[in-house]
Amino acid sequence: MRFYSLLAAAKINLYLEIIGDRPDGFHELAMVMQSIDLADRVDLRLIGTDTILVHCDHPEVPADRRNLAYRAAELMANQFPDAFARLGGVEITVRKNIPVGAGLAGGSTNAAAVLVGLDLLWQLGLTQPELQDLGAQLGSDIPFCVSGGTALATGRGEFLDPLPDLDGAFVVLAKYRSLSISTAWAYQTYRQQFGTAYVSSHEGIRERRSQVRSGAMMAAIAQRHPAQIAQHLYNDLERVALPQYPQIQHLKEQFQSRGVLGTMMSGSGPTVFALVDSEAEAQRVRNEMRMALPDPDLELWVAKFTTTSIKINEPA
Ligand code: ATP
């Protein structure tokens, strides 16, 4: 095969707790990540020359070395120089459906698709853990984006424990097109404001992790109970994003007043999601939100929980 077309799924965070500092300067996190079927399309074509080309249809996403898809291909070329020399470089075309700078891991999932796609095109036969180790060199969310589904992520986000599949749940997503939040800003601001409460000892971090593992969110996921999961949605980064961006709080209130199971900002924001338990309910909430907030800057999506992240795009 010289061509693969892949779908690369976004993620939401059902839970995001900042535990403390790590010796490498990153934050120690405990997160529950969930893939959803809002996905970018990532096409990869072998071009028989020793170059990496990226095209992207989103005006704010660079098509050069700054693009995470490019960096993933470059990493693969450095790691597997024989395959790169023998089978040639690659042309990558990214069609964005996932909003950018939204807390939905859009760039990370594109990078994960390139790792998976080049493994297929170059016939490397890498295992999922090997692809995840490569992904961890580029970004903390990429290992999850390689496997997807529902998972507990600890460390920087690179240690993953799969959790029971939560297929059948739906979310409505809301984001103002003109509003983006830089992930670096969110974590730096959190450190400035709440860093004195950080846990840094090895023992302290282990204890916090085990509390998350035995906590209410894990119990709700084990029972696959959307209403209980919704009661335990949690995101520390709301503590910095909500005071700075009142629009996010307003979206949450609008969702709450429509009787959703629960609502939360995803990751570093600014996307807000509302959890509901059927597609019909999701459509109702989206339609009511659209009528209540006719602002053309507001984008709304209905998405379903999925059990995978990267999959081959099979056109209907
Ligand atoms: P996360 O949830 O992992 O924090 P995010 O959804 O907040 O990520 P992204 O959409 O991944 O953020 O984009 C953040 C930045 O990365 C943007 O400034 C964007 O220009 C850059 N970027 C690089 N490559 C890509 C890509 N393939 N897709 C989207 N953004 C990219």
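Residues being within 15 Å of the ligand (Cβ to nearest atom) and touching a residue at least 12 places away in the same chain (Cβ under 8 Å): count how many of those fall in the stretch 186-200.
4
Does residue 38 satisfy the criteria of being within 17 Å of residue 173 (Cα to Cα), part of a strand (DSSP E or B) and modelled with pLDDT of 95 or more?
Yes.
Between a residue in the stretch 101-113 that is over 16 Å from residue 66 (Cα atoms) and any residue that is near the ligand (Cβ under 6 Å from one of its atoms) and of a type outside the set (Val, Ile, Thr), which pairs come within a Cβ distance under 8 Å, given they are 6 or more apart or on different chains?
Between residues of the stretch 101-113 that are over 16 Å from residue 66 (Cα atoms) and residues that are near the ligand (Cβ under 6 Å from one of its atoms) and of a type outside the set (Val, Ile, Thr), the close pairs are 103/267; 103/268; 104/267; 113/69.
Please specify each residue of the stretch 43-84 satisfying the condition of being away from the ligand (no atom under 15 Å from the Cβ) and part of a strand (DSSP E or B).
Across the stretch 43-84, the qualifying residues are 45, 46.
Based on this model, can you work out whether residue 110 counts as within 14 Å of the ligand (Cβ to nearest atom), outside any helix (DSSP H, G or I) and either within 30 Å of residue 271 (Cβ to Cβ) or in contact with a Gly (Cβ under 7 Å, 6 or more places away or on another chain) (or both)?
Here the answer is no, as residue 110 does not meet what is asked.
If I ask for residues that are in a helix (DSSP H, G or I) and hydrophobic (A, V, I, L, M, F, W, C), which ones from the stretch 128-159 would you list?
Passing the criteria: 131, 134, 136, 142, 144, 145, 146.
Among residues belonging to the stretch 247-293 that are hydroxyl-bearing (Ser, Thr, Tyr) and within 16 Å of the ligand (Cβ to nearest atom), point out the one that is surrounded by the most Cβ atoms within 10 Å (Cβ to Cβ).
Top of the filtered list is 271.
The values are calculated or read from the model by the stated rules, or taken from the named source; none is laboratory data. All values derive from a computational prediction rather than experimental measurement. Using ideal geometry, Cβ is built from the backbone for each residue, glycine included, and neighbour counts are taken over all protein chains shown.
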